[in-house]
Structure formats: C-alpha cells, structure tokens
1. Taking the Cα centre of the chain as the origin and placing charges on Cβ (Lys, Arg +1; Asp, Glu -1), which of Leu81, Phe219, Met312 is farthest toward the positive end of the dipole?
2. Can you give me the orientation-averaged projected area of the convex hull built on the Cα atoms of region 165-266, in nm²?
3. Run down the lysines and flag those whose C-alpha is under 21 Å from the C-alpha of Lys92, throwing out any fewer than 8 positions away in its chain.
4. How much length would be gained if the chain were fully extended between Arg241 and Asp106, taking 0.36 nm per residue of separation minus their Cα-Cα distance, in nm to one decimal?
5. Between region 465-522 and region 398-429, what's the alpha-carbon centroid distance in Å?
6. From zero up to wherever the largest Cα-Cα distance of region 308-517 sits, split into 10 Å bins and tell me the percent of pairs in each.
7. Give the lysines whose C-alpha is closer than 22 Å to that of Lys234, dropping any in the same chain fewer than 8 places away, or say none.
8. What's the magnitude of the charge dipole for region 308-517 around its Cα centre, counting Lys and Arg as +1 and Asp and Glu as -1 at the beta-carbon? Answer in Debye, nearest 20.
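Just so it is clear, none of the values below were taken in a lab; they were calculated from the coordinates. What you see is a predicted model, and the numbers here were worked out from it, not measured in a lab. Because the Cβ atoms are built from the backbone with ideal geometry, glycine has one as well, and the counts that use them run over all protein chains shown.
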Amino acid sequence: MKKRTVWLIVSGFMMLLLVLVSSGSAEEPKYGGTLRISWPNDPQDFDQAYKTAWLAYTLDLTNETPAGADWAKGPAGTKELTLQLHDWPPSKYLTGFALESWEYPDPTTFILHIRKGIHFHNKPPVNGRELVADDFVVSLKRMFTMPGSWLVNVATKPISYETPDKYTVVLKFDKLDASMEYRIFSTIYIVPREVVWDETGKETEALRNWKNACGTGPFMLVDYVKGSVLTFDKNPNYWQRDPLRPKNKLPYLDRIQLMIIPELSTRIAALRTGAIDYLISVPWEQTKDLDKSNPKLRKAASLQRGPNTLYMRNDIKPFSDIRVRQALSMAIDRKAMINDLYGGYAEYLMDRFHPHALGVFTPYDKLTGKAKEVLTYDPQKAKQLLAEAGYPNGFNTEILTHKAFENEPVFVASYWDKIGVRAKIDMKEWTIFNSIGYGKKYAGLMMDAGSNAVAQQTPDNSATGHYSNFSVVTDPWWDEMRKKAMGTLDEAERLGMYRQMNIYALEQSWTISLPTPHEFVYWQPWLKNFEGAQMMGTYHYWRPFTYVWLDKN
C-alpha cells in the first residue's frame, strides 16, 4: 500500500536551526499596535462560495485554509522559500494550518487530520466553539457545488465524505488528480457550519454580510466602511505560536486597518507620509523617486504571478507552423527590451512554468538546445525560418492588446518589422479584450500577462479545449503528459514530468514569452520580522501579517 504521511512535527535539527535563526536577531518581538495597509478595491464578497477568494479577500485574515507554505522556511526564517513563499511548494516546505497532518493510504483517498484545540471567533452563533470535521466537510462541499466557486468547473470532485471521528475527514475520489491537494489545501477557507447552512443544509448566505464574518483566523473583522477602511482586531484565542519563537503566542498586532485607496499615486503618497506601513505591487518606474524621498523605507523586488506573454492562434496560418512561431520569438531582442522598457528591472524568462515552481522551472542561462535557441535574439535565423515556412517577404498580422500593455506590442512590432512581419496594434477596452481573448477570436496575436504561478495548474494552459488555452494548442503529447502527471502520486516523479513539459513547451513556442518587469514591495522600517513576503498560498496576501510586529522606537 502506497502511503505518504505529512507529519508536521519539527525535527530536533530544524528546531535547533530555528532557535539559532531567532537568537541571531537583536530585535525582540513587541505586542500591540495597529498595522495600516492598503488595497485598491473593496471586497466584492465575504464568502468565497459566491465570489472567489481573491475577491472575498478578508477571509485571509479571518479564516484559515487547511495548509500552506511554512513561514519558518521563508525570508524571515531559513530563507528556503523566496519572497512570495509560493502558491503551493513541494511538500517539504508545507505546514498545516487547520490541519495537523494528512495522508494518502491509496491514490484515491485523502485522510485529513484536523488540528485539535482550534476555536472559531467568540461571537454568535458560533460562540467560540471548537473546529470539527463537520465544518471541514461543509466548507469543502460548498466549494465543489456552489456556482460562484472557482472549483466547480475545474476540480475533480470527491465522490464521498466520511467523518470517522470529530477530528478526521476521509475524502474518496474516483481517480487520482494530483492537483486536488493544492486546490483543497491552499484555496478553501474553513467556515463554521451553522453560519453558512441552516439545520436542513440550505444556504443561509449569512457569511456574505461582513458582520457575520467568523473563522479560526488570527484576526476578526469588526468594522467596514465601504470605499474607506476595513478594521480587523486581534483574535485573543488564536491557536498558533511563532514558529521562530515557539514561546510566543500569535498574532503580535492588536489591529489591522486596510485602507481602500483606488489610485496608485495616492497609495504611494500614503506610504511616503507614513499613513500606511506596507505597499505591494509598486512599479519599477516609481522606485527611483521613492528611494530618494524616503531612503529609510525598506523594499524588495518580486515576480509577477505570470509572464508577459504573446499568444498566437496555433490553429490558423501562419502560426500553425512551428517555424513561424520560432522565428517571431528569435526576432525579439529581449535584453534590449529589459533595458529600454524596464530600466533593467525585469526577468528574462518566467515561462512555461513559473520560477516559483521549485524543481521544475529552468532559467534561461541553464537552458540548452532548441529551448534556448528560440529565446535568443537571432534575426538572421528568424528570416531563414520564415523563408523555409514560405514567407520570405514576411506577412501582415495584428496584435490585440489593452491599456496595461501599451508599450510592449510597439516594441515587439519594431523588431518584427526588420524581418518583414508587419504587425498592426489593436488596442481594446479591457472588457472587450477579455471577451475576445476567452472566445479565442483574436485575428493573430494577443498580448497579456499569463498565469502560471501554480505548477499543478500550468499544464491546463495548453491542454486541448481548456478555457485557459488562449493559443488554441492541440498537442497529443502534452495532453497525455498532463493526464499522466495529474495521475502520479509520487511528487518527485511528477516534478520530473513537469520539467520535461517545461522544455517541450519552450521548444514548441506556442506562445512567445517576453521579459516581465519586476514589482516591488515597500514597508516602513518599524515593521519588524518582515522581509518582503507577499503571500503564503494562492492570493493569501495578508497571512504574513500573522507573524509581524511594530516597533516605532
């Protein structure tokens, strides 16, 4: 019987290492204070069963997912994980939140062991009771059945839910889908049964009202002024202790105020004046002035969730010819693009899998053969390939784009013009662009940001018929490898398959990966135990604030 058990018990060696990391810091944690952060939009809901979690984003402070990236292995700890702590890293970098551990006695069975002694917020109707298996089952079932849940159309759903005792949930599937570990553990927030269902199992929609927010998370939502501010107070009964300082109960902060500030310029002004303590997604263009005006601010560069990408209609000529696709890629001087468009602040390659896909991604300087050749500037070879494909004089085409990508298509078109490819820029309003893109109705090429931050989902982007297959790829080898990888329980074996798929996709040039500019995270010098971590799972922007403290002295 093949079995993998993830027991989240820190070994003696790791405990010693963490103590050394902790004792090496001269700064002692301080309790209290209000952290002020900002976001451009109000939450669109407070229940992810109706709107996805990145729209119901307050759940990241009030509730918890089953598991996720381990803070102790991130920038503030052993530094094994990078700034964004990854959406779903390999198992050795994971820790349980609502779960103590989990195991797979066979490929189609998940056994979830709930952490004992975790309590919901002490407010009616839950009144601080303990989290139990029924809450887990209800939380999971809703996400697999409610129309507003993103999992409804993409997940392999459990065929049964069993609760042999109050701390154990057994999920049965009709087939192995390795992506379900990530989809369940990293994206589903656990909610109390009596808030979301009545006695008959009917939806109450109560959680959609912010006043009913209730979870086991480190903070409680206590006030909301639409268009202005969300206020979260410390959960005095939160279960977790600081993994780097095990004697310390979390969270350190008394309060978090999340300011709704739509304009980036206003958010930056708030950072300059100290009105907010932290700001994410600062464009590289803003860094020079910000560093000059506020030299004491701390900052860190980070990667976007996906690469700047030119999609091509692989189902129509001339892009159905691999030689044309490779020629267009080789005709672009990416180094010049990094310097001319992004002031040197950009990543050369973030495709096909994301750099955060540990054990899968291969950086440009480590590539060999055709995969590297098609990503290297060589206009003469590009002309040769076009001629071989029957286009010695090039051809006319269009690049569909939107306001967020005004400059990149112009830059690319200027290089393609040198090999005879004349590209017209078709700028559309976002909603129209989005409709054309998802309908795969663009005429030639489409410029947008890709989505490959999660290795388990990245193969979908080129799967035949998949909604995210914007380049309309049909490749039997890819489809078979995707199916095989998703049906492989052994993690090392599955990562090896992903590596093969990564190189293969680069060689095929179904899309053209462009340099992707860095973003920056800034924070005030008084925000401590923080090294720029941006999230601890899929869109878990706020979870790092469980572990930080303020020291304005």
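1. Leu81
2. Average of the hull's projected areas for region 165-266 equals 11.2 nm².
3. Lys2, Lys3, Lys73, Lys79
4. The Arg241-Asp106 span can extend by a further 45.3 nm.
5. 25 Å
6. Computed distribution, short to long bins: 9, 35, 38, 16, 2, 0.
7. Output for Lys234: Lys30, Lys116, Lys123, Lys211, Lys226, Lys247, Lys249, Lys528, Lys552.
8. So the dipole magnitude of region 308-517 works out to roughly 320 debye.
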